Amino acid sequence: MADPSGDLRIVGRVVKAHGLRGELVVEPSTDNTEERFAPGVVLQVSGGPGPRALTITAARRHGERLLVTADEVADRDTAEAMRRAVLSAAATDADIDDPDEFHDHQLEGLRAELADGTLVGTVTAVQHGAGAELLVLAGPDGGELLVPFVRAIVPTVDVAGGRVVLDPPEGLFDPA
């Protein structure tokens, strides 16, 4: 699950304390646990009292969960105070397993063109809404266009080629 801000990705939640030395039982929400919970990795913490960042010293599997130790958590009381805390890390392109999912920064700057190569604009941002995402385009005339980021309208995203191809329904780009 990517954070809409584009910078952080939730990688787990603290479930409870384990033992007397401050181990945390973490429910991971990443398939990349070996990298995300490797010694030396710094995770951001939100929710509840306690440290705002954790420097991982060790992590090991415990069934479907992880037992995690961190420099900032030296005892059970500190670990208990972190119950329900959310752990986040900087988003990386490696986090995405789905070829139809992208980080905002991968889309920003791409040319937006029609199938015949006609330039429509440049992607300047992605707006995240309750229903769906919108690509914000800077039009060639300086105006701003909003395009629903759905496969029917954006059938091709070619990050390597620096473009998105649009198949807009009639009237999408007509002035209001």
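The values are calculated or read from the model by the stated rules, or taken from the named source; none is laboratory data. The shown structure was predicted, so the numbers you read here are calculated from the model rather than taken from an experiment. Using ideal geometry, Cβ is built from the backbone for each residue, glycine included, and neighbour counts are taken over all protein chains shown.
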Seminar exercise, completed: Per the filter on the stretch 129-156, residues more than 18 Å from the chain's Cα centre (by Cα) and in a strand (DSSP E or B) are VAL136, LEU137, ALA138, GLU144, LEU145, LEU146, VAL147, PRO148, THR156
Exercise. Being farther than 30 Å from LEU166 by Cα, at pLDDT 90 or above and either buried (at least 16 other Cβ atoms within 10 Å of the Cβ) or over 21 Å from the mean Cα position of the chain (by Cα) (or both), is that true of even one residue in the stretch 90-112?
Worked result: no
Seminar exercise, completed: Considering the stretch 127-176, residues that are touching a residue at least 40 places away in the same chain (Cβ under 8 Å) and β-branched (Val, Ile, Thr), and then whichever is surrounded by the most Cβ atoms within 10 Å (Cβ to Cβ), we arrive at VAL164
For this session: Within the stretch 113-126, track down each residue that is exposed (fewer than 11 other Cβ atoms within 10 Å of the Cβ) and of a type outside the set (Asp, Glu).
Result: ALA115, GLY117, THR118
Problem set entry | Residue satisfying condition, being among the basic types (Lys, Arg), surrounded by fewer than 16 Cβ atoms within 10 Å (Cβ to Cβ) and modelled with pLDDT of 90 or more, within set ARG83, ARG76, ARG65 | ARG76
For this session: State whether one or more residues within the stretch 44-58 are modelled with pLDDT of 90 or more and within 12 Å of VAL11 (Cα to Cα).
Result: yes
